[in-house]
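The values are calculated or read from the model by the stated rules, or taken from the named source; none is laboratory data. Not measured: the values here are computed from a predicted model. Cβ placement follows ideal geometry from the backbone for every residue including glycine, while neighbour counts extend to all protein chains displayed.
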Amino acid sequence: MHVETVEAAGEVLTVSVSTPGRVMGCPTCGVVASSRGRRRRVLHDVPHGDVQVRLVWRQRVWRCAEPECGTGTFVEQAPALVARRACLTSRAVTWAVGQLRRDHATVQGLARRLGVAWKTLWRAIRPVLARLDEDQSRFAGVSSLGVDEHLWHHGDPRRKGPKELTGMVDLTRDAHGQVHARLLDLVPGRSKKAYTDWLRARGEQFRRGVGVAALDPFGGYKAAIDDQLADATAVLDAFHVVKLGTAVVDEVRRRVQQATLGHRGRKGDPLFGIQTILRAGAEHLTDKQLNRLATAIEADPAHDEVYIAWRCAQDLRAAYRTRDTVEGRRRAENILDSFHTCPIPEVARLGRTLSRWRDAFLAYFTTGRQNNGGTEAVNGIIELHRRLARGYRNLDNYRLRMLLAAGGLTP
Ligand SMILES: [Zn+2]
């Protein structure tokens with residue numbers, strides 16, 4: 001392309017381009033065509049900072065000179081610049097996909113920077129994502145596979161479609177022992193069938209390759225693993241187990257609050273202000289926060305229950321955080337031996353849950369596969385993008401968006 005003119009007007013830069021003149025043959029018969037002048041075609045290109053860029057392509061128009069040929073008039077094409085009938089340049093589409101993948105951009109924000117409608121941009125991006133999705137090589141080499149539940153939208157009744165989704169995450173370590181977790185797929189439903197069907201569709205070679213199958217404590221997923229990944233070791237995902245512990249502390253705090261004050265927590269109540277402190281790991285707390293925790297607990301003898309529940313949740317975290325997995329496993333066994341006997345009903349219930357999942361809970365410490373960071377990272381990205389991508393009412397579009405953001409469309 002030759003640049004003919006460049007004009008800056010306000011927030012828009014207009015660049016006029018054309019191809020060099022040459023002899024053109026008819027695409028059908030090959031006879032030399034005669035020029036029929038130019039046609040203006042406006043294309044939206046990659047923005048320059050905050051400045052929108054428009055390419056005005058002065059497209060050459062030709063006419064076949066052979067009377068026997070039915071081609072008539074034809075317009076020059078430049079596939080490297082722009083697809084047929086598209087209004088975004090090919091590099092603008094590639095740029096937008098890259099921004100969505102790496103920079104937590106929104107389609108709305110990118111469309112604004114390109115000077116097009118949301119719909120126009122999504123229509124250009126969607127086929128690119130669909131092609132990456134269809135490429136089966138993205139499932140190759142998975143030896144550690146995670147599965148857990150995702151909520152698509154929080155019960156908005158105006159939106160159709162399933163609320164519960166099952167997400168599959170690649171937790172395989174690289175040669176340096178690092179996990180670069182990738183969301184491999186999102187399918188409707190939360191059931192044995194949802195996961196079984198997906199595993200079946202991946203084929204035998206894929207299933208044989210999976211040595212470790214991480215999961216959240218849900219019987220349906222375990223049944224699917226037993227069914228389809230019989231040779232894999234099932235491991236409870238540390239991220240979900242730690243979350244169960246945090247949920248117990250929350251429950252105890254709310255119950256004690258209700259019992260001592262007769263109402264839900266309000267600003268000024270001793271237990272109300274320490275919610276975030278109770279949810280954090282003790283190792284992250286400052287002295288000031290530890291003092292606030294102590295003051296809140298000492299405010300009423302009934303608050304001892306909250307303190308004990310918090311200690312139990314911290315023990316659970318500590319088992320996972322222990323560097324030495326033999327020591328970690330010993331701590332986990334202590335938890336299995338003690339939690340179910342706890343007089344605090346919520347802690348006892350967690351103890352019974354962990355006992356039911358004993359093998360998968362302890363397997364974490366013997367497979368040498370600390371997969372918690374991976375699942376947590378993918379969950380964080382999905383959370384962020386669910387907020388950014390509020391507009392998605394169509395499951396297929398939502399799924400492609402999440403796969404792109406969480407690394408699933410990088411073959
Ligand atoms: Zn012709």
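See the values below:
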{"item": "Pairs with Cβ under 6 Å, 6+ apart, first in the range 94-112 and in the same structural domain as Leu388 (by TED's automatic domain parsing) and surrounded by 15 or more Cβ atoms within 10 Å (Cβ to Cβ), second at pLDDT 90 or above and in a helix (DSSP H, G or I)", "result": "none"}
{"item": "Every residue from the range 172-192 that is free of Cβ contacts under 8 Å to residues at least 60 places away in the same chain, surrounded by 14 or more Cβ atoms within 10 Å (Cβ to Cβ) and not hydrophobic (A, V, I, L, M, F, W, C)", "result": "Thr172, Gly189, Arg190, Ser191, Lys192"}
{"item": "Whichever residue in the range 240-263 is among the small types (Gly, Ala, Ser) and touching a residue at least 24 places away in the same chain (Cβ under 8 Å) and, among such residues, is surrounded by the fewest Cβ atoms within 10 Å (Cβ to Cβ)", "result": "Ala259"}
{"item": "Filtered residues of the range 61-86 (kept if touching a strand residue (DSSP E or B) at 6+ places or on another chain (Cβ under 6 Å) and away from the ligand (no atom under 16 Å from the Cβ))", "result": "Val82"}
{"item": "Selection from the range 21-55 of residues that are among the polar types (S, T, N, Q) and within 16 Å of the ligand (Cβ to nearest atom)", "result": "Thr28, Ser34, Ser35"}
{"item": "Selection within the range 192-231 - in a loop (DSSP other than H, G, I, E, B), under 24 Å from Ser355 (Cα atoms) and at pLDDT 95 or above", "result": "Leu229"}
{"item": "Inter-residue pairs, beta-carbon under 8 Å, first within 15 Å of Pro67 (Cβ to Cβ) and in the range 25-37, second among the basic types (Lys, Arg) and surrounded by 11 or more Cβ atoms within 10 Å (Cβ to Cβ), 6+ apart", "result": "Ala33/Arg63; Ser34/Arg63"}
